[in-house]
Protein chains: 2
Amino acid sequence: MSNSRTPSATPSATPSAASPVGREPVERRIDVSAGLRTGPLGDLSDFPQWFAEHARRAYTRVRRVPLDGLEGWVTDPDTGDLRHHTGQFFTVHGLRVSNPGAPVPEWSQPIIDQPEIGILGILAAPIDGVLHLLMQAKVEPGNANGLQLSPTVQATRSNYTQVHRGRAVPYLSHFLDIHSRPGVLADVRQSEQGSWFNRKRNRNVVIELPEPVEAIDGFRWLTLGQVHELLGREDTVNMDARTVLSCLPFTGPAGPADGDGFRSALRRSGDPSARSLHSTAEILGWLTERRTGSDLTTRRIPLAKVAGWNRTPERMSHDEDAFFNVIGVRVEAAGREVGGWSQPMIEPVGRGVIAFLVRRIDGVLHVLAHARTEPGFTDVVELGPTVQCVTDSYAHLPPGTLPPFLDEVLGASAERIRFDNALSEEGGRFHHALNRYLIVEASDDVPSDHPAYRWLTLHQLSGLLKHSHYVNIQARSLIACLHSLYSG
Amino acid sequence: MSNSRTPSATPSATPSAASPVGREPVERRIDVSAGLRTGPLGDLSDFPQWFAEHARRAYTRVRRVPLDGLEGWVTDPDTGDLRHHTGQFFTVHGLRVSNPGAPVPEWSQPIIDQPEIGILGILAAPIDGVLHLLMQAKVEPGNANGLQLSPTVQATRSNYTQVHRGRAVPYLSHFLDIHSRPGVLADVRQSEQGSWFNRKRNRNVVIELPEPVEAIDGFRWLTLGQVHELLGREDTVNMDARTVLSCLPFTGPAGPADGDGFRSALRRSGDPSARSLHSTAEILGWLTERRTGSDLTTRRIPLAKVAGWNRTPERMSHDEDAFFNVIGVRVEAAGREVGGWSQPMIEPVGRGVIAFLVRRIDGVLHVLAHARTEPGFTDVVELGPTVQCVTDSYAHLPPGTLPPFLDEVLGASAERIRFDNALSEEGGRFHHALNRYLIVEASDDVPSDHPAYRWLTLHQLSGLLKHSHYVNIQARSLIACLHSLYSG
């Protein structure tokens, strides 16, 4: 048992494995759950009805309102920054970015500043011996479809401290002071959108309870296989759930993966003993080089000084109508902590393409990861998808600036496309931020000697996900999608 | 061979191990070298003479000069910040720190800002089959003793770009564009003093060449065992060498460590398969909790606005003469890139105590690491020594604020003290910054349930040292000292 947190004066050493004595290792419990699309509680046939019923009760009305008339929000007279009158929640200010050598070496933009670190938490527990996850049908104002499947808890630090004086967040107490108890399957800060957030991180937490707790209205225990099935449905599993899922210690089935097909290669990719093109030491060294080689610098500037953007009483938008708009919404909600509120949101222009190219290398699936700079990253560079872009935003740029590998992804024949679904970014800050998520097998003639890209196995990515600031949120979503292809 | 950096269209998977085919793993080559205090090139009997001869030729004269008259440096008329007239090198500005709940919840201080990431690099190569390190006898203006044993290369980014128009840095070319070549044993950014530097990081790099290069004047090939022997001599091995040494993939001897003595426990501690009190997953989760639980915030302020400090034309110092002074020096040097220059330096007040308490837990040595906040850390909290303080600086604070475990360290009987030596911090920025470094076996009645402390094995610390921002520079020095106790 390695759960002793208060060693006595002469403590005993304990095994390093995280599993209690006499139980399967956590990786096996996760894998068994991932294999079950029909579990002890049944299948998903009633899911649409459950979702629809909850949607009726958790009625939310979202109205666009002018940015200048947002109740509770002020435009700072000196800077033009948008902030809540209490100083809480978040601020929209300007950022000046210098990235010498990049296609766009210099720009400024609005960005969201939300320095508090919230919790994205999933409760897990065995039901009839099978690991289940407690998931929530949650409304967010930016959701295109109203409801999405969410983690057990999405709590900002303001939630704990009750800044908005709303109702308590259900199940939050399970995620406080967790390291005095066993059962922590994951607990790691991970970044969020570095183009829209300035150094935002959330804690991604999974806690395994010895017994399930009651699922209150709007919550439901699901196997991991069922969550994976829902991940394949359009715009159903939210971003917060996807990032937490990516941090699970998921390795896939134990034992040899037979066969030379895609799924066998995928299963081998999660196996820590599988061969990888580059050692993890090499990957870490390459990341050190990319990080120290980048000259990207950012500086906070007043929102009123952001060049190339236009602010009207209604909204703030780019002069070329590219990238995103900053808009205002008024929300009237039932089933939330607060009955109604107003807030600014980011509304992306156009639908993004977010894709991993994958390839079987000696029978082990590798993904082509991109060492990306984003202005809001805490640590300069993170590994992102092979392709992450909004093609519309390139319309005003010189020809030849389209990102590498975009043609390969968009031109792929159907049999090479292993995952293709519309998923959205966080509905609490982003309005109808739908992106097309793709996993595409690379053709043989894809060049792969680009210095900013490397082929990694899923096991290597999982190892990096035990630490902060290595894998960006879009890549984490794609990792959750790859896991969903192990079974089913 | 895992050195392919430019996979072809159909690349082959390769083993993940970093060692070329047909050679001992790098950990073994390092261990063999650590065991040799007499190597193919002899022993250290001529070392004092070599050092002394080089000291005569590398003559340096350091004179204290008033801060206000530093050639090439200006005091900004608006802020009082000290900066070089070119905007290069570094700046001394003010930092306001808020750390609610700490013994001192609020303070401001001067701090050095040097955002560029330099290289601290050691070249390694086999000589008669034994791994050797190319070390340098280097003068720095802050060294109390003139010369210290240093890495092959200490280069700021200004060195590459020749900002100070001095001579080229010897061997620097070996450390540029390294990931196109094999032999990278370590390449990781690590933090430096978080109380004196604002978010300073350097790359810690070790490159293994297939053949040794010529050691030019002032350089010498040494076995790791010889470097370890010198680490036990007073103020001989500099901070930059110590931090790079700590990042070597050092595991100690392969095979079982027999016996129940201190050294057997130490050897087991480096073994990745040895039992640890806490799993690494638990340690990472605990660090996430400490990092997200800290309310420490910092804000850059003008140096002229730093409260509690007094600036005269001569220097800047704390009103209680505690912590450190900011002073000016004029340096006249031979054997350096530039013949002479002036610069501000930090001069600590009093000698610090930097110590690890260690304990054998089921036969495996564990060190008691402290999850420390320092205002200049990039990521809030890093693991530091059990004790890291300057006792003099507590004189003006209320009783009861002395750091935990200080009594245990200073009151230890001689047979419990495993390492005790005066070592200094970086002589390029810090003036006579000598600290007492100690490794002390904890007595049985040391309480070890403090929430900010955990017992870790050396192997766990080595694993964390593959990543940035986990282990602070003082703890890294102590890790190098612990490695020096494996043999000899």
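Taking only segment A:439-488 into account, find how many residues are within 11 Å of chain B (Cβ to nearest Cβ) and polar (S, T, N, Q).
Here the count works out to 5.
Scan segment B:183-217 residue by residue and report those that are within 14 Å of another protein chain (Cβ to nearest Cβ) and surrounded by fewer than 19 Cβ atoms within 10 Å (Cβ to Cβ).
Matches in segment B:183-217: B:Gly183, B:Arg199.
What number of residues in segment A:86-111 are hydroxyl-bearing (Ser, Thr, Tyr) and surrounded by fewer than 20 Cβ atoms within 10 Å (Cβ to Cβ)?
Adding up the residues that qualify gives 2.
Mind checking whether some residue in segment A:262-279 is closer than 27 Å to A:Asp187 by Cβ, under 19 Å from the mean Cα position of the chain (by Cα) and at pLDDT 95 or above?
Within segment A:262-279 (the criterion being closer than 27 Å to A:Asp187 by Cβ, under 19 Å from the mean Cα position of the chain (by Cα) and at pLDDT 95 or above), the answer is no, since none of the residues qualifies.
Suppose we filter A:Leu303, A:Leu277 for residues that are more than 10 Å from chain B (Cβ to nearest Cβ) and over 30 Å from A:Gln148 (Cα atoms); which single one remains?
Result of the check over A:Leu303, A:Leu277: A:Leu303.
Taking the condition within 12 Å of chain B (Cβ to nearest Cβ), touching a residue at least 24 places away in the same chain (Cβ under 8 Å), part of a loop (DSSP other than H, G, I, E, B) and over 26 Å from A:Gly427 (Cα atoms), does A:Pro272 pass? Walk me through it before giving the result.
Numbers: within 12 Å of chain B (Cβ to nearest Cβ): yes; touching a residue at least 24 places away in the same chain (Cβ under 8 Å): yes; part of a loop (DSSP other than H, G, I, E, B): yes; over 26 Å from A:Gly427 (Cα atoms): yes.
In short, yes.
Starting from segment A:99-110, keep only residues that are within 16 Å of A:Val381 (Cα to Cα), then list their pairs with residues that are open to solvent by 50 Å² or more (accessible area, probe 1.4 Å) and among the acidic types (Asp, Glu) whose Cβ atoms are within a distance under 8 Å, requiring at least 6 positions of separation or different chains.
A:Asn99/A:Glu106; A:Asn99/A:Asp295; A:Pro100/A:Asp295; A:Gly101/A:Asp295
Take the residues in segment B:410-450 that are of a type in the set (A, V, I, L, M) and open to solvent by 20 Å² or more (accessible area, probe 1.4 Å); name whichever of them is nearest to B:Leu485 (Cα to Cα).
B:Ile417
Of the conditions (1) modelled with pLDDT of 95 or more; (2) within 14 Å of chain A (Cβ to nearest Cβ), B:Gln136 fails just one. Which one is it?
In the conditions (1) modelled with pLDDT of 95 or more; (2) within 14 Å of chain A (Cβ to nearest Cβ), B:Gln136 misses (2) alone.
I'd like the full set of residues that are open to solvent by 30 Å² or more (accessible area, probe 1.4 Å) and assigned to a loop (DSSP other than H, G, I, E, B), limited to segment A:41-71.
Residues satisfying the conditions are A:Leu41, A:Asp43, A:Ser45, A:Asp46, A:Tyr59, A:Pro66, A:Glu71.
Output the residue which, of all residues in segment A:94-127 that are within 14 Å of chain B (Cβ to nearest Cβ) and part of a strand (DSSP E or B), is farthest from the chain's Cα centre (by Cα).
Filtering segment A:94-127 for residues that are within 14 Å of chain B (Cβ to nearest Cβ) and part of a strand (DSSP E or B), the one farthest from the chain's Cα centre (by Cα) comes out as A:Ser98.
Identify, from the list A:Gly328, A:Gly335, the residue that is in contact with a Ser or Thr (Cβ under 9 Å, 6 or more places away or on another chain) and modelled with pLDDT of 95 or more. Quick ask: steps written out before the conclusion?
Details: A:Gly335 fails: modelled with pLDDT of 95 or more.
Sole residue among the options that is in contact with a Ser or Thr (Cβ under 9 Å, 6 or more places away or on another chain) and modelled with pLDDT of 95 or more: A:Gly328.
Condition first: open to solvent by 10 Å² or more (accessible area, probe 1.4 Å) and within 13 Å of another protein chain (Cβ to nearest Cβ). Can you find one or more residues in segment B:218-234 that meet it?
Within segment B:218-234, none of the residues are open to solvent by 10 Å² or more (accessible area, probe 1.4 Å) and within 13 Å of another protein chain (Cβ to nearest Cβ).
Test B:Val237 against the stated conditions and say whether it is within 14 Å of chain A (Cβ to nearest Cβ) and under 20 Å from the mean Cα position of the chain (by Cα).
Considered against the rule, which asks whether it is within 14 Å of chain A (Cβ to nearest Cβ) and under 20 Å from the mean Cα position of the chain (by Cα), B:Val237 comes out as no.
Could you grab the pairs with beta carbons closer than 6 Å, sequence gap of 6+ or different chains, first residue in segment A:475-486 and over 16 Å from A:Cys389 (Cα atoms) and surrounded by fewer than 24 Cβ atoms within 10 Å (Cβ to Cβ), second one of a type in the set (Gly, Ala, Ser) and modelled with pLDDT under 95?
Here the result reads A:Tyr486/A:Gly252, each pair linking segment A:475-486 to a residue that is of a type in the set (Gly, Ala, Ser) and modelled with pLDDT under 95.
For segment B:249-269, name all the residues that are touching a residue at least 60 places away in the same chain (Cβ under 8 Å), small (Gly, Ala, Ser) and buried (at least 17 other Cβ atoms within 10 Å of the Cβ).
Answer for segment B:249-269, where residues must be touching a residue at least 60 places away in the same chain (Cβ under 8 Å), small (Gly, Ala, Ser) and buried (at least 17 other Cβ atoms within 10 Å of the Cβ): B:Gly252, B:Ser264, B:Ala265, B:Ser269.
Within segment A:373-392, is even one residue modelled with pLDDT under 90, surrounded by fewer than 17 Cβ atoms within 10 Å (Cβ to Cβ) and away from chain B (no Cβ under 14 Å)?
So far as segment A:373-392 goes, yes, one or more of its residues are modelled with pLDDT under 90, surrounded by fewer than 17 Cβ atoms within 10 Å (Cβ to Cβ) and away from chain B (no Cβ under 14 Å).
Would segment B:73-81 turn up any residue that is open to solvent by less than 20 Å² (accessible area, probe 1.4 Å), part of a loop (DSSP other than H, G, I, E, B) and within 27 Å of B:Ala334 (Cα to Cα)?
Taking every residue of segment B:73-81 in turn, none turns out to be open to solvent by less than 20 Å² (accessible area, probe 1.4 Å), part of a loop (DSSP other than H, G, I, E, B) and within 27 Å of B:Ala334 (Cα to Cα).
Counting only residues that are within 14 Å of chain A (Cβ to nearest Cβ) and on the phi > 0 side of the Ramachandran plot, which one in segment B:318-368 is least open to solvent (accessible area, probe 1.4 Å)?
Taking the candidates together, the pick is B:Gly363.
If B:Ala281 meets every condition in (1) open to solvent by 40 Å² or more (accessible area, probe 1.4 Å); (2) in contact (Cβ under 8 Å) with a residue 40 or more places away in the chain; (3) outside any loop (DSSP other than H, G, I, E, B) apart from one, which number is that one?
B:Ala281 satisfies all of (1) open to solvent by 40 Å² or more (accessible area, probe 1.4 Å); (2) in contact (Cβ under 8 Å) with a residue 40 or more places away in the chain; (3) outside any loop (DSSP other than H, G, I, E, B) except (2).
Tell me whether segment A:139-146 contains one or more residues that are closer than 24 Å to A:Arg37 by Cβ and at pLDDT below 95.
yes
The values are calculated or read from the model by the stated rules, or taken from the named source; none is laboratory data. Here the structure is a predicted model, which is why all the values come from computation and not from measurement. All Cβ positions, glycine included, derive from the backbone under ideal geometry; neighbour counts span all protein chains shown. In case anyone asks, the SASA skips ligands and DNA or RNA and just uses the protein heavy atoms, side chains included. Shrake-Rupley method; radii C 1.70, N 1.55, O 1.52, S 1.80 Å.
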